[in-house]
Amino acid sequence: MHVEEKLTAETFPASPEKSTLEGKNKFLGFWLFLGGETVLFASLFATFLALRNSDNGGATTQEMFELPLVFAATMLLLTSSLTSVYAMYHMKNFQFKKMQLWMGITVLLGAAFLALEIYEFNHYIHEYKFTITSSALGSAFYTLVGTHGAHVAFGLLWITTLMVRNAKRGLNLYNAPKYYVASLYWHFIDVVWVFIFTVVYLMGMVG
Amino acid sequence: MSTLTQKKGFGAVLWDYLTTVDHKKIAILYLVSGGFFFLVGGLEAMLIRIQLAVPDNDFISAGLYNEVLTMHGTTMIFLAAMPLIFGFMNAVVPIQIGARDVAFPFLNSLGFWLFFFGGLFLNMGWFLGGAPDAGWTNYASLALNSPGHGIDFYLLGLQISGFGTLIAGINFLATIINMRAPGMTYMRMPLFTWTTFVASALILFAFPPLTVGLAIMMFDRVFGTGFFVPELGGNTIIWEHLFWIFGHPEVYILILPAFGIFSDVLPHFSKKRLFGYSSMVFATVLIGFLGFMVWAHHMFTTGLGPIANAIFAVATMAIAVPTGIKIFNWMFTMWGGSIRFTVPMIWSVAFIPTFVMGGVTGIMLAAAPTDYQYHDTYFVVAHFHYVIVGGVVMGLFAGLHYWWPKMFGKMLGEKLGVVTFVLFFTGFHLTFFIQHFLGLMGMPRRIFTFLPGQGLEMGNLISTVGAFLMAAGTIVLLWNIIISSIKGEKAAGDAWGDGRNLEWAVSSPAPEYNFKQTPLVRGLDALWVERMEGNKGMTPAEPLGDIHMPNGSILPLIMSFGLFVAAFGLLYHSEHAWGIPVVIIGFGITLGCMFLRSIIDDHGYHIHKEDLMNDDNDKGVKA
Amino acid sequence: MEKRLTKFRLVAVFAMLTLVLAGCGEPYLSALQPAGEVADMQYSLMILSTLIMVIVIAVVTVIFIYVVVKFRQRKGEENKIPEQVEGSHKLEIIWTVIPILLLLVLAVPVVSATFELADVKAMDKKDRKPEDAVVVNVRANLYWWEFEYPDYGIITSQDLVVPTDERVYFNLIASDVKHSFWVPSAGGKMDTNTENVNKFWLNFDGNRAEQAGEYFYGKCAELCGPSHALMDFKVETKSKEEFVQWAEEMKNAKAVASSDLAKEGEKLFQEKSCIGCHAVTPVDERPEQARTAPNLASFGERSRVAGILPHNEENIRNWLKDPEQYKPGNKMTKTYPELNDQELDALTEYLSGLKVEAK
Amino acid sequence: MANQNSGNPKVDLAYRRKKNKEDMKYQVVTFALMIFLTVVAFVAIGYDGIAEWFKIPFILLLAVVQVIFQLYYFMHMSHKGHEVPALFLYSGIGVAFLTVLAFVTIIWW
Ligand code: HEA
Ligand code: HEA
Ligand code: CUA
Ligand SMILES: [Cu+2]
């Protein structure tokens, strides 16, 4: 089966992401990559935890963090996880248009999340003079949350590129694994965020 | 001459190598650049030994010594040993598992070029106002205190090459999991493939902490963050942990593939199957696993407290058990065999007692209270050169001689090989054995000179003499390579005779598609099994058909070059206005290439059945 | 009987190993010639572990040589195909279990010694009296050491003075980059970190200290910059009474310049801003951060200049003239106006006369 | 190629669509649970009536449960063919756990 062969809903395989060797490799390689990312974020979390009280006399996390904002951000990201699941659902059903649509919604939600985060950082910097250089806590906070944010931004770029690139030619076995892997990446970002809101924000409120 | 390889001009050959995604050519790229860096690192070692030959020497100054010392360690570990290992993995592993290619040919090439430009960047320090000087461990307080840009070269250079390593690791994992030929079950994989697998897994989990450590230290130095600045509430111990969480697995990343090489060579030249294959596999996995829970044995004197020290001491000692299993299995592989002392075999045989000596001093170091005495002395230097040179480098030498014919189609001279061995081996023990005692007698490591009258003169002089012997051995090796590539004997597919694994079933060098027909594997030591049943070669698992090949690409090189450029911008951004624009340009190049890569479809090409049939008969046939 | 014999053999091997190793190095510097409780403990662990390792190496070597000699391919055997043995469970169990046992033998004393050596309860005790335990605050600085005796309110540099035959407790910290405090003859090292205080103890054996000579040598064991190699210090041991007496004398010591030349030196010491960094009395009440240079109160009695050069007028003079030549990257170079010959003489004279001990 | 089913594409399709739909139902339930867990965590922290010592372990537990949902349902780890990914992910989590554990226990200054 050639990868770019035009398929129909009937001939489209059940696991399009794994029905070519390239797809299988991509699928596996990406999971491996996520294993490594786990350790990468763990190192950042660990560093943050070691420095979470090193505020250098500046504002403490209890003073700064505002739960409503974090809650809103969390809802946006969690929902975007669900919308990307919808996109994959339509991919399996070979409904390209619907898939694109849900991917698009995912991107919008992700962008909204990112905007909130930028607003939040800006707020801390101007309101509390809490910057990446003001204390070790600041360094650890912005690096951890910022790395996550950078992942979100990269994810947005990636998914958008995919959508634009494939808008005209529809779904095939060459690009199905790409979409699949991008959605895995998106879920992973969500997983990391679950720990960020728990460990950084919620635990930061407890002190 | 085959229809596929016509004579090409120099330019075409160069272009071919710059754009290649063929694992066998990437192997050669790794081998050549790793070999070059080995010479550089060795030269630095010679400077160290000359400086320390006599007390109060002023051959090189204190500041320069620290740079040489740091670059020696860093170059040897990151730019020599690892790439050489990757070279052999690339040359051999896909063939050993009966694959036509690796899982990600494009990424494979990207991994190489990232390493290459990272290494280049690291060494730029020499020409641009100072190399890193805080030791290869680059402890935070000293690194942040170091003036000039040396440390920045270290941080950015290793960051770039680290990405390359990570990519290479993922590639090998995916290759071994997904690309094995029919019948090549996990428990039939040659040990070199197994150790590649485990080492790649270690890379996958060990490099991210290094990435984080390098990144946050770079932030501290370049942007003024406070991770390691006590005045801002930072903590330098974090660096030590991050470094060693990476650093300890790293030493197993180096040694495991070397173990793999020995595990392939010893059975081959003993004409016997590997003794206790499954326990060898088990031991490999166990070493990899334990490797992640012992890192703090490098930090016994940091002040972690007795509970942590005791736990890490005992955990470290546990590694003796799986390693011991391996040592005995190797000896019993030879037991009852018919040992042929070829050059690779000589290296492998000599490795056994040498490594045991290095390993047992490791256990001595693991005894926390005594490590308070050994730590940061020449005893440690002796330990790790015994395991690294006596293990890794000897493994590389064994592998080099063993697979040279497979990679280049010509044998290396055996006589000169023996000369190299004798010189290097004698020199090695002369250099490093005495260092155990120097350490115990009170000589700290990383000192640029020592004072007369403290009883350290004799030992240091002997050590230096030994180093010259090693250098002589290395030079003979270079000579051997030159001579034999001019008039070496042409190697057959099964270059050494009695080959056991699949790499000996294809021609030397292997055709670009490795196997005309994917082989069917029917047991451990696949080729040997066929031979014992009277077959000449492997049984094919598929009919002859078109072979799908990936296209070459120049993008990996440009992508890596982009990061190289960006790194310069970052390094100089605080003192030159062009810094930030250069960062943007650099990242732009890289992102642009990534963008191109993702929008240009690359379906590769096919080698047609007819061409394969016309192709030189003895290429890849037996499969 | 049987048991006693094996025990005897063990002791004999121990003794032999001890003899062999003890020949090594200088008694004031070598970890192989321990001179105190900690070093002894570590030394006996070293011997124990070496012994185990010698056994391991011996076993491996014997099998190894046998195999390599016995099973090499001889002429005419080129086509022989040895039996393809898969493995042997019995053997594998043997070489799994025996190493585990050997490691247990090592691990038990290792763990107990780890806790023993970390026992600093005595110094942390609430309302500890100076008589209970001697405490020294060690502060490591780029290429020089400061030793503060909080119980006596005095400070020395470069030369550590300790009482013998009792546990001396140390608080260790670094003021700039990480260093490591190591007196090989007395025991293993402990790092001086930049952000936290480390604690440990040593014990100096009076008799063996005497045999070792005037001083024990101490070293910095963590790469800290160009002059890391030269960051040495000395340890002077005294009996408890002498130590207490010394401390009292230190408390009351004053810098006095006797000769005219020395008086001139004293004046220069003020004028050339030396006093801005160096204190000349052992009681220095400035905060740590202000104490940026070695305390010179007892400089006249030291055995080394800057921790490394033999103590004589020639070297003092040379040091003052160009410290960079002796310790690259040190923090004194270029911080004071250049000195002419006459000024050098005067300062040397003055510095040589800085003594605290009433001898 | 990858059509492991009956061979009649029409039947397969209908069957697969149905199955996918079922899957999707689970996904939505999963999502609802995740939202619920999140709300509980936020409320637990915001509410003063809960003992302080209890809060941190409690929300950590909630996070772990939620992540398991993400991995097994959203990321399909419950489907077969995920043995190797699971192995590597868990290894990664193991290393991650050790790292975090070390940083919260033996870096205390
Ligand atoms: C290839 C590299 C390599 C390898 C394989 C090893 C292997 C081991 N290493 Fe080594 N090590 C280094 C490279 C390596 N090391 C480096 C580079 C450093 C210094 C880093 C720096 O500070 O710059 C270092 C430092 C180092 C230290 C820190 C010392 C210090 O700084 O104070 C310690 C402490 O525990 C240690 C322990 C060990 C142990 C227990 C093993 C074990 O894996 C060894 C196991 C092998 C055997 C034990 C032999 C065979 C076994 C038998 C025959 C069975 C019977 C044996 C017994 C019962 C004992 N190593
Ligand atoms: C793979 C790792 C590796 C390898 C192979 C080596 C190989 C050697 N090493 Fe090194 N070494 C380290 C890793 C390695 N080392 C590390 C990690 C450190 C710690 C650094 C730190 O503290 O931060 C260290 C530190 C170290 C020290 C301690 C320095 C100090 O603490 O002050 C010494 C001293 O003797 C030393 C010596 C040597 C010698 C003599 C060799 C020899 O085996 C080298 C043999 C090779 C040659 C001799 C090649 C020479 C070739 C030529 C001369 C050819 C001429 C050139 C051309 C033709 C172009 N090494
Ligand atoms: Cu201080 Cu080395
Ligand atoms: Cu280690």
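The values are calculated or read from the model by the stated rules, or taken from the named source; none is laboratory data. For clarity, every value in this text was computed on a predicted model and none was experimentally measured. With ideal geometry, Cβ positions are generated from the backbone for all residues, glycine too; neighbour counts draw on all protein chains shown. Side chains included, ligands, DNA and RNA excluded: accessible areas come from the protein's heavy atoms. Shrake-Rupley method; radii C 1.70, N 1.55, O 1.52, S 1.80 Å.
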- request: Hey, can you tell me all the residues within the stretch C:171-199 that are more than 7 Å from every other protein chain (Cβ to nearest Cβ), crowded, with 24+ Cβ neighbours inside 10 Å and over 8 Å from the mean Cα position of the chain (by Cα)?
  value: C:Ala174, C:His179, C:Thr192
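Got at least one residue in the stretch C:264-286 being aliphatic (A, V, I, L, M), in contact (Cβ under 8 Å) with a residue 24 or more places away in the chain, in contact with a helix residue (DSSP H, G or I) (Cβ under 7 Å, 6 or more places away or on another chain) and more than 16 Å from ligand 1 (Cβ to nearest atom)? Can you show your working first?
First pass over the stretch C:264-286, keeping only residues aliphatic (A, V, I, L, M): C:268, C:275, C:279-280, C:283.
Right, trim to in contact (Cβ under 8 Å) with a residue 24 or more places away in the chain and you get C:268, C:279-280, C:283.
Narrowing further to those that are in contact with a helix residue (DSSP H, G or I) (Cβ under 7 Å, 6 or more places away or on another chain): C:268, C:283.
Checking which are more than 16 Å from ligand 1 (Cβ to nearest atom) leaves us with C:268, C:283.
Checking the stretch C:264-286: at least one residue is aliphatic (A, V, I, L, M), in contact (Cβ under 8 Å) with a residue 24 or more places away in the chain, in contact with a helix residue (DSSP H, G or I) (Cβ under 7 Å, 6 or more places away or on another chain) and more than 16 Å from ligand 1 (Cβ to nearest atom).
Residue by residue, here is whether (1) part of a helix (DSSP H, G or I); (2) surrounded by 14 or more Cβ atoms within 10 Å (Cβ to Cβ); (3) of a type outside the set (Val, Ile, Thr); (4) in contact with a strand residue (DSSP E or B) (Cβ under 6 Å, 6 or more places away or on another chain) holds:
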site: B:His548; (1), (2), (3), (4): no, yes, yes, yes
site: B:Gly562; (1), (2), (3), (4): yes, yes, yes, no
site: B:Phe568; (1), (2), (3), (4): yes, yes, yes, no
site: B:Glu575; (1), (2), (3), (4): no, no, yes, no
site: B:Gly586; (1), (2), (3), (4): yes, yes, yes, no
site: B:Cys593; (1), (2), (3), (4): yes, yes, yes, no
site: B:Leu596; (1), (2), (3), (4): yes, no, yes, no
- prompt: Out of all the residues in the stretch C:300-313, which are outside any loop (DSSP other than H, G, I, E, B) and under 23 Å from C:Ala174 (Cβ atoms)?
  reply: C:Arg304, C:Val305
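Pull up the stretch B:360-408, narrow it to residues that are within 16 Å of ligand 3 (Cβ to nearest atom) and over 20 Å from C:Thr114 (Cβ atoms), then point me to the one that is surrounded by the fewest Cβ atoms within 10 Å (Cβ to Cβ). Write out each step before concluding.
First pass over the stretch B:360-408, keeping only residues within 16 Å of ligand 3 (Cβ to nearest atom): B:375-378, B:380-381.
Next, from what is left, pick out any that are over 20 Å from C:Thr114 (Cβ atoms): B:378, B:381.
Working: B:Tyr378: 29, B:Val381: 20.
Across the stretch B:360-408, the extreme among qualifying residues is B:Val381.
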field: Residue list for the stretch B:569-596, filter: free of Cβ contacts under 8 Å to residues at least 24 places away in the same chain and within 27 Å of the chain's Cα centre (by Cα)
entry: none
- request: Being among the small types (Gly, Ala, Ser), at the interface with chain A (Cβ under 7 Å from one of its Cβ atoms) and open to solvent by 10 Å² or more (accessible area, probe 1.4 Å) is the filter here, so list the residues in the stretch D:62-95 that pass it.
  value: D:Gly81, D:Ser91
query: Quick one: would you say C:Ile63 is assigned to a helix (DSSP H, G or I), open to solvent by 50 Å² or more (accessible area, probe 1.4 Å) and within 9 Å of chain B (Cβ to nearest Cβ)?
result: no
- request: Could you please find all residues in the stretch C:104-118 being without any contact (Cβ under 8 Å) to a residue 24 or more places away in the chain and either over 16 Å from B:Ile311 (Cβ atoms) or near ligand 1 (Cβ under 8 Å from one of its atoms) (or both)?
  value: none
- request: Would you mind listing the strands (runs of 3 or more DSSP E) fully within the stretch C:112-168 where at least 3 residues are within 18 Å of the chain's Cα centre (by Cα)?
  value: C:134-141, C:144-149, C:159-163
Options A:Leu116, A:Leu69, A:Leu144, A:Leu77: the member that is over 21 Å from A:Leu184 (Cβ atoms) and in contact (Cβ under 8 Å) with a residue 60 or more places away in the chain: A:Leu144
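Just need a number here: residues in the stretch B:125-139 that are away from chain C (no Cβ under 14 Å) and either surrounded by fewer than 19 Cβ atoms within 10 Å (Cβ to Cβ) or within 16 Å of ligand 1 (Cβ to nearest atom) (or both). Spell out how you get there, then give the answer.
Going through the stretch B:125-139, the residues away from chain C (no Cβ under 14 Å) turn out to be B:125-129.
Going one step further and asking which of them are either surrounded by fewer than 19 Cβ atoms within 10 Å (Cβ to Cβ) or within 16 Å of ligand 1 (Cβ to nearest atom) (or both), we end up with B:126-129.
Matching residues across the stretch B:125-139 total 4.
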- prompt: When residues of the stretch B:266-303 are filtered for being in contact with an Asp or Glu (Cβ under 6 Å, 6 or more places away or on another chain), within 16 Å of ligand 2 (Cβ to nearest atom) and not in a loop (DSSP other than H, G, I, E, B), how many remain?
  reply: 1
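In the stretch B:366-373, is there at least one residue being more than 9 Å from every other protein chain (Cβ to nearest Cβ) and either part of a helix (DSSP H, G or I) or over 20 Å from B:Met394 (Cα atoms) (or both)?
The first filter runs over the stretch B:366-373 and keeps only residues more than 9 Å from every other protein chain (Cβ to nearest Cβ), leaving none.
Checked against the condition, which is being more than 9 Å from every other protein chain (Cβ to nearest Cβ) and either part of a helix (DSSP H, G or I) or over 20 Å from B:Met394 (Cα atoms) (or both), the stretch B:366-373 yields no hits at all.
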task: Give C:Lys234, C:Lys189 a once-over and let me know the one that is basic (Lys, Arg), part of a strand (DSSP E or B) and in contact with a His (Cβ under 8 Å, 6 or more places away or on another chain).
output: C:Lys189
- request: Take the stretch B:208-228 and flag every residue that is facing chain A (nearest Cβ under 7 Å) and surrounded by 24 or more Cβ atoms within 10 Å (Cβ to Cβ).
  value: B:Pro208, B:Pro209, B:Val212, B:Ile216, B:Thr225, B:Gly226, B:Phe227
query: How about the stretch B:203-251: which of its residues are small (Gly, Ala, Ser), more than 16 Å from ligand 2 (Cβ to nearest atom) and out of contact with any helix residue (DSSP H, G or I) (no Cβ under 6 Å at 6 or more places or on another chain)?
result: B:Ala215, B:Gly224
message: Looking at (1) within 16 Å of ligand 3 (Cβ to nearest atom); (2) closer than 30 Å to B:Leu524 by Cβ, which one does B:Thr302 not meet, given that it meets all the others?
response: (2)
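Quick one: would you say B:Phe88 is more than 19 Å from B:Ser560 (Cα to Cα), away from every other protein chain (no Cβ under 14 Å), in a helix (DSSP H, G or I) and within 16 Å of ligand 1 (Cβ to nearest atom)? Before the answer, list the steps.
On the way: more than 19 Å from B:Ser560 (Cα to Cα): yes; away from every other protein chain (no Cβ under 14 Å): yes; in a helix (DSSP H, G or I): yes; within 16 Å of ligand 1 (Cβ to nearest atom): yes.
Answer is yes for this residue.
Residue check: is C:Phe71 at pLDDT 90 or above, over 30 Å from C:Glu241 (Cα atoms) and open to solvent by 40 Å² or more (accessible area, probe 1.4 Å)? Spell out the reasoning first.
On the way: at pLDDT 90 or above: yes; over 30 Å from C:Glu241 (Cα atoms): yes; open to solvent by 40 Å² or more (accessible area, probe 1.4 Å): no.
Answer is no for this residue.
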- line: All conditions in (1) at pLDDT 95 or above; (2) within 14 Å of another protein chain (Cβ to nearest Cβ); (3) in a helix (DSSP H, G or I) are true of B:Thr426 except (2)
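Residue by residue through the stretch B:413-433, note down the ones that are surrounded by fewer than 20 Cβ atoms within 10 Å (Cβ to Cβ) and either touching a residue at least 12 places away in the same chain (Cβ under 8 Å) or touching a His at 6+ places or on another chain (Cβ under 6 Å) (or both). Let's see the steps before the verdict.
Applying the first criterion (surrounded by fewer than 20 Cβ atoms within 10 Å (Cβ to Cβ)) to the stretch B:413-433 yields B:414-416, B:418-419, B:422, B:426, B:429-430, B:433.
Once the filter is applied, which keeps residues that are surrounded by fewer than 20 Cβ atoms within 10 Å (Cβ to Cβ) and either touching a residue at least 12 places away in the same chain (Cβ under 8 Å) or touching a His at 6+ places or on another chain (Cβ under 6 Å) (or both), the stretch B:413-433 yields B:Glu414, B:Leu416, B:Val418, B:Val419, B:Val422, B:Thr426, B:His429, B:Leu430, B:Phe433.
Quick grid of which residues meet (1) open to solvent by less than 10 Å² (accessible area, probe 1.4 Å); (2) over 25 Å from the mean Cα position of the chain (by Cα):
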residue	(1), (2)
B:Lys272	yes, yes
B:Gly276	yes, yes
B:Phe282	no, no
B:Gly288	yes, no
B:Val294	yes, no
B:Thr301	yes, yes
B:Leu304	yes, yes
B:Ala315	no, yes
B:Ala318	no, no
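Considering only residues that are at the interface with chain B (Cβ under 10 Å from one of its Cβ atoms) and under 12 Å from the mean Cα position of the chain (by Cα), look in the stretch C:219-249 and name the one that is surrounded by the most Cβ atoms within 10 Å (Cβ to Cβ).
Among those that are at the interface with chain B (Cβ under 10 Å from one of its Cβ atoms) and under 12 Å from the mean Cα position of the chain (by Cα), it is C:Cys220.
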query: Do any residues in the stretch B:32-45 that are at negative phi have Cβ atoms under 6 Å from those of residues that are more than 16 Å from ligand 3 (Cβ to nearest atom) and open to solvent by 10 Å² or more (accessible area, probe 1.4 Å), where the two are at least six apart or on different chains, and which pairs are they?
result: B:Ser33/B:Phe116; B:Gly34/B:Leu84; B:Gly41/B:His72; B:Gly41/B:Met76; B:Glu44/B:His72; B:Ala45/B:His72
